[in-house]
1. Just to be sure, is S159 surrounded by 23 or more Cβ atoms within 10 Å (Cβ to Cβ), assigned by the TED database to the domain that holds C102 and more than 30 Å from G19 (Cβ to Cβ)?
2. Give the residue, chosen from V139, V162, that is among the β-branched types (V, I, T), touching a Ser or Thr at 6+ places or on another chain (Cβ under 6 Å) and either farther than 26 Å from E377 by Cβ or modelled with pLDDT under 95 (or both).
3. If you take the residues in the range 340-377 that are under 13 Å from S312 (Cβ atoms) and within 21 Å of the chain's Cα centre (by Cα), which one is most open to solvent (accessible area, probe 1.4 Å)?
4. For N34, work out the one condition from (1) farther than 15 Å from W142 by Cα; (2) touching an Asp or Glu at 6+ places or on another chain (Cβ under 9 Å); (3) surrounded by 16 or more Cβ atoms within 10 Å (Cβ to Cβ) it doesn't fulfil.
5. Only one of these conditions is not met by V156: (1) within 30 Å of Y390 (Cα to Cα); (2) within 21 Å of the chain's Cα centre (by Cα); (3) at pLDDT 95 or above. Which number is it?
6. Just to be sure I understand the filter: pairs with C-beta atoms under 7 Å, separated by 6 or more residues or on different chains, first member in the range 391-411 and outside the structural domain of Q549 (by the TED database) and over 11 Å from I35 (Cα atoms), second member open to solvent by 40 Å² or more (accessible area, probe 1.4 Å) and charged (D, E, K, R). Which pairs pass?
7. Go through T183, T171 for me and flag whichever is buried (at least 22 other Cβ atoms within 10 Å of the Cβ), under 23 Å from L106 (Cα atoms) and hydroxyl-bearing (S, T, Y).
8. If you check every pair at least six apart or on different chains, which have Cβ atoms under 9 Å apart with a residue in the range 206-228 that is closer than 19 Å to N69 by Cα first and a residue that is basic (K, R) and surrounded by fewer than 15 Cβ atoms within 10 Å (Cβ to Cβ) second?
Amino acid sequence: MPAANPTRSVFFFGVIVLGIVLLYVGYINHYALNIPISDDYDLVRVKYTLLTQELSGWEQLKLLLEPENDHRILFPRLVALGFYAWEGFINYRTLIFFVNACLLGLLLVWGLSFRRQGLSHWYLLPVLLWYLNPFLYDVTLWGINGMQHTMLNLLVFSSLYVLSYFQKKGTLLVGLVLALMATFTNGNGFLVFPAGLAMLLVAREWGKSAVWSAGMLVALGGYFFNYKAGQATQVDFTAEFIRNVAISFGALSAGWVEAFGADPGTLIWLSFGLGYLTLLLIVLGLALLLFPVTTFSARSGPYFWVGVLVFSALTIGIIAVSRGGRDLFSVFTSRYSLYPIHLLTLVYVIVLAVVRRGPQRVIFVGALLFGLLFVAESYFQYAKGRDVRYRNLVADHFNWRQHRRLVTHFRSDLADFFTLDAYQRGIYRMSDFPLVGAERAMRARWSSTIHEVPLALTTQTDSIRFFGTPQQITQFTLDNTTLPDQNRGYYLVLKSHSGATYLLPTWPTPGGRKRFFTAGEVYKPGFTVTSYTENFRPGTYRIGLLTGQPGKYQVQSTSYALQVDSTSASLRIQPLSP
């Protein structure tokens, strides 16, 4: 927003941006843990294979190029191996901070494009709020998955930016190199080529279009060389599937609507309508901006935005085909959340570019207020998702080191063949327990005061087929409705007479939007937790409540004991000496 004193304006803008970034980094630092999640174990497998097998250079390259869930992730693996060489082990906290550094780099590219189009730097503030909040938590708090998205999008945006705004000799080659890197960062990275080609064709750059097309063919051949399609790429084109694809494409185009909470039916149709309206507004706005332009101009042609539109729309289309065609609501998974934010930003910046300066300020203020509301809604809407995962991972951190078990998982002792050996070799390490001082409190004599925490236990037994063999599995659930939630949550400590100790997370109970906006409380009293009986050594365990804060934890005794074996669990209600 223009100011009378440009120097003062830039200073205050910088202070505000720094404040937003520092608050966001604090949020990431709070939730980032050095624990592998799901696909993160691919990095362990790759490093384990490199350490334990004699591979030629070609065999090593083939290993690094192996598809993971249908994606070639060469560069995320190379980044992880680079950090391994630096730190001596795969540190997932480091990878998470790298993920978010890439996200900040992406915002820098957005800011540069704003300035290239003559827009005030102040107009970037709403965009910072849209990206730097918990709406993206499944991307920004996950090592390998995060790199497959933020690193990919940074490479794509950088390639399109170079292609759009630089005319010097050699910049086309830079754009091609960045595009090739994006192709081998995640499957949809290849879409940078049709996006770049669309930009060049709109700009009537026929010679560059031919060179770019040649690069696209090379990338396509390299990507699918010795490629085997996985389950995610296998679809059955029925009438229902095509209908679902059309609906989910529109819904994901405005997927940010999910942050405001709605029943499933309202969510799908509201986001569907807003999604197609978003795409229509972007296309009409670009047409208004591009129609008078007859030559490729680094300052007047918003071709970068054309590339972002094509890339985002094609990516959303692929997600709609691979996910939404089978399950409409799967497209609202947080890992896909970058792309609707791209489209939201495009609507905003294109409207700013189309209107005059007076209305620009009104639009900026409206976007800023929407951004603040979006941050608050995202914080509330995704609180339980991120807190449950955080608490599960904290418990996993302790239980894996003590028992080589992840008690919130099914068959955690039957992890991939390399997991335990890789851990023993130090390829990944469960070091720096997040609850500083908690282990000392768990080992020490528990408080003699009985803490009244009413608990209810339910069990459920299901019949399954595990690798073709019929089996029965039993889960137990502990519920409480009275204990107020605290900042980092409570944990239940199970301790047997022989000293075997397990740590269970507690999953909080959402208190509702009204409670959040009037009292500032995300959760109401109470918690629940579910685990598999087979993950515990058979025995009777005293139940304690781990409370406090880092360095000041204590375990308070409860009047309960849990008796558990591989197929059953029961709760004994009686005072037990600590």
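1. Numbers: surrounded by 23 or more Cβ atoms within 10 Å (Cβ to Cβ): yes; assigned by the TED database to the domain that holds C102: yes; more than 30 Å from G19 (Cβ to Cβ): yes.
Considered against the rule, which asks whether it is surrounded by 23 or more Cβ atoms within 10 Å (Cβ to Cβ), assigned by the TED database to the domain that holds C102 and more than 30 Å from G19 (Cβ to Cβ), S159 comes out as yes.
2. Numbers: V139 fails: touching a Ser or Thr at 6+ places or on another chain (Cβ under 6 Å).
Result of the check over V139, V162: V162.
3. The qualifying residue most open to solvent (accessible area, probe 1.4 Å) is L344.
4. The one condition N34 does not meet is (1).
5. (1)
6. Pairs that qualify, where the first residue is outside the structural domain of Q549 (by the TED database) and over 11 Å from I35 (Cα atoms) and the partner is open to solvent by 40 Å² or more (accessible area, probe 1.4 Å) and charged (D, E, K, R), are N399/R405; R404/D413; R405/D413.
7. Working: T171 fails: buried (at least 22 other Cβ atoms within 10 Å of the Cβ).
Sole residue among the options that is buried (at least 22 other Cβ atoms within 10 Å of the Cβ), under 23 Å from L106 (Cα atoms) and hydroxyl-bearing (S, T, Y): T183.
8. Partner pairs satisfying both residue conditions: N226/K62.
The values are calculated or read from the model by the stated rules, or taken from the named source; none is laboratory data. Keep in mind that this is a model prediction, so the values were computed, not measured. Positions of Cβ are backbone-derived with ideal geometry, glycine not excepted, and every protein chain shown enters the neighbour counts. Just the protein is used for accessible areas: all its heavy atoms, side chains included, with ligands, DNA and RNA removed. Shrake-Rupley method; radii C 1.70, N 1.55, O 1.52, S 1.80 Å.
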